[in-house]
1. Check whether at least one residue in region 93-100 is touching a residue at least 24 places away in the same chain (Cβ under 8 Å), of a type in the set (D, E, K, R) and away from the ligand (no atom under 14 Å from the Cβ), and report yes or no.
2. Can residue 175 be described as farther than 23 Å from residue 149 by Cβ and more than 16 Å from the ligand (Cβ to nearest atom)?
3. Could you please tell me which pairs satisfy a Cβ distance under 8 Å, a separation of 6+ or placement on different chains, a first residue in region 111-130 that is free of Cβ contacts under 8 Å to residues at least 12 places away in the same chain, and a second residue that is part of a helix (DSSP H, G or I) and surrounded by fewer than 22 Cβ atoms within 10 Å (Cβ to Cβ)?
4. Considering only region 119-162, how many residues are part of a loop (DSSP other than H, G, I, E, B), small (Gly, Ala, Ser) and either within 15 Å of the ligand (Cβ to nearest atom) or under 18 Å from the mean Cα position of the chain (by Cα) (or both)?
5. Quick check on residue 103: is it of a type in the set (Gly, Ala, Ser), within 16 Å of the ligand (Cβ to nearest atom), crowded, with 21+ Cβ neighbours inside 10 Å and in contact (Cβ under 8 Å) with a residue 60 or more places away in the chain?
6. Would a scan of region 205-221 turn up a residue that is surrounded by 13 or more Cβ atoms within 10 Å (Cβ to Cβ) and under 30 Å from residue 102 (Cβ atoms)?
Amino acid sequence: MSETTIPRAGIIGHPVAQSRSPMLHRYWLEQLGIAGSYDRIDVPPDGFEAFIATFLAEGFVGGNVTAPHKLAAYKAMAQLDEAAASIGAVNTIWVADGKLVGGNTDAHGFIANLDERAPDWQKPGINALVLGAGGASRAALFALKARGRAITLANRTRATAEALAAHFKDSTGPAIRVIDWDDLAGAMENSDLLVNTTVLGMLGKHPLELDLTPLKPGATVYDIVYVPLETALLKAARLRGHRTVDGLGMLLHQAVPAFARWFGQTPTVTQELRALIEADIRAKSPGA
Ligand code: ATR
């Protein structure tokens, strides 16, 4: 196969220099012996439509979409999968019958990571408490709802949480209950799973300062942040004896169905791959 005909994919965003997606997709390409490419594609904020117009002609079989283009991608696709249509954002593009299809594998990544790191989390009657109502929260809510979990949602700006609860009103699963951010302590007493989807705790942001004293004993604490790997929230939870789940697995697992769509083989999230990305995070963000 010549250089020009190998299937081509990449991460479309702005900026994309820090993206770890090339590292993990290239790992799988090499491991599976597939001739394909995966590159960083920096597309300026107002350039998505122009870029996507040339997508097929440029030889792309698909790609990932990250900030700030997830909504533009949602609007530009000929077709959407169920997750993307419900979440309102596209993070994965592939081609079917010569048309661009938009999917959202973040919800899959969110739940596959939880299934892997906390396999018994889905006992009957589990209550989830989700913090945050941004884009990442949408994927988490969609996934938890699809599994029929009772969800309580708290966000600094309550109105945004109310809007999200209304948005998901008709999707599979029980209705989302919204509470005030100031009422978290009460909700924690009854929660088996606490999920942070806010940006708090990310490198360069303030930590999520939450007194975990009221949290139900035995509850799992899941932070979708992965730089640092152990956020202040996860550290506090670990020290209190809670099981913790970090966000790196969500990144790894969201990539699996995307890779399978583009390159025709389903890759595996191995400990070796996780260690590779962990090492990169530690090298580039000392202390993380
Ligand atoms: P993403 O797409 O990564 O989810 P986002 O859409 O910008 O990012 O959402 C950021 C989330 O972090 C929101 O829930 C936001 O709360 P608001 O809706 O009130 O803005 C939350 N967030 C950001 N800074 C926060 C802070 N200082 N305290 C509490 N929540 C915060």
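1. No, that holds for no residue.
2. no
3. Note: pairs meeting the criteria are 115/121; 115/122.
4. Adding up the residues that qualify gives 3.
5. no
6. Within region 205-221, not a single residue is surrounded by 13 or more Cβ atoms within 10 Å (Cβ to Cβ) and under 30 Å from residue 102 (Cβ atoms).
One line per residue, one yes/no per condition, for (1) closer than 27 Å to residue 283 by Cα; (2) more than 15 Å from the ligand (Cβ to nearest atom):
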residue	(1), (2)
184	no, no
189	no, yes
197	yes, no
213	no, yes
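Rundown of residues vs (1) touching a Cys at 6+ places or on another chain (Cβ under 6 Å); (2) among the aromatic types (Phe, Trp, Tyr); (3) surrounded by fewer than 15 Cβ atoms within 10 Å (Cβ to Cβ); (4) within 27 Å of residue 253 (Cβ to Cβ), yes/no style:
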{"position": "136", "(1), (2), (3), (4)": "no, no, no, yes"}
{"position": "144", "(1), (2), (3), (4)": "no, no, no, yes"}
{"position": "150", "(1), (2), (3), (4)": "no, no, no, yes"}
{"position": "166", "(1), (2), (3), (4)": "no, no, yes, no"}
{"position": "169", "(1), (2), (3), (4)": "no, no, yes, no"}
{"position": "178", "(1), (2), (3), (4)": "no, no, no, no"}
{"position": "184", "(1), (2), (3), (4)": "no, no, no, no"}
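Read-outs throughout are calculated quantities, based only on the coordinates presented, and are distinct from any laboratory measurement. Because the structure is a prediction, the values reported are computed rather than measured. When we count neighbours, we look across all protein chains shown, and the Cβ atoms used for this are built from the backbone with ideal geometry, even at glycine.
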